[in-house]
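The values are calculated or read from the model by the stated rules, or taken from the named source; none is laboratory data. Keep in mind the model is a prediction, meaning the values are calculated, not measured. Neighbour counts are summed over all protein chains in view; Cβ atoms, including those assigned to glycine, are modelled from backbone coordinates with ideal geometry. Protein only, heavy atoms only, side chains kept; ligands, DNA and RNA dropped before computing areas. Shrake-Rupley method; radii C 1.70, N 1.55, O 1.52, S 1.80 Å.
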Amino acid sequence: MDAERSALTTLCQEFEALIGETGLHSTERQELLERIVAEARARRPVLTLLGQLLNTDRETTLRTLASGLPGAGLGIARQETFRCPDRACDRTAVPLPAGAIPRCAVMGRPLERV
């Protein structure tokens with residue numbers, strides 16, 4: 001699966017930064033990262049688990065992985081705009097740079113990056 005291969009590539013490239021970022025959070029998130037590593041080492045799919053770690057759905061996880069995992073990279077935050085994931089309404093949201101992805105109050109899903 002290309003998506004799984006991409007997820008594993010990003011996990012490998014940004015692993016140290018991900019460990020550092022996860023270390024700032026709950027034990028539950030740290031345990032989830034350990035599970036992701038175990039699954040990756042066993043060459044089993046990790047995309048769904050990465051989505052749990054990032055608290056995103058599959059499509060958002062794929063987009064997030066394409067741009068790098070949170071906490072990894074140069075540490076330069078940029079402003080982003082998000083919109084209704086279904087495009088059922090005209091809501092847009094601009095959170096603080098590097099802030100949490102806004103969620104749809106009606107569906108409970110993350111808004112989509114514009």
remark   = The set of residues whose placed amide H lies less than 5 Å from the amide H of ARG91, leaving out same-chain residues fewer than 5 positions away, is CYS84
remark   = So for R0 = 25 Å, FRET eff. of GLU34-ALA98 from the Cβ-Cβ r, to 0.05, ends up at 0.50
query = In the chain, carbon and sulfur make up what percent of the accessible area (probe 1.4 Å)?
reply = 52 percent
request  = List every residue whose amide H lies under 5 Å from the amide H of LEU111, counting only residues 5 or more places away in sequence or on a different chain, with H placed 1.01 Å from N in the peptide plane.
outcome  = ARG103, CYS104
query = Relative contact order for the chain: what is it in percent, counting Cα pairs under 8 Å that are at least 6 residues apart?
reply = 24 percent
request  = Would you work out the charge dipole size for the chain about its Cα centre, treating the Cβ of every Lys and Arg as +1 and the Cβ of every Asp and Glu as -1, and quote it to the nearest 20 debye?
outcome  = 220 debye
note = To the nearest Å², the heavy-atom accessible area per residue of the chain with 1.4 Å probe amounts to 66 Å²
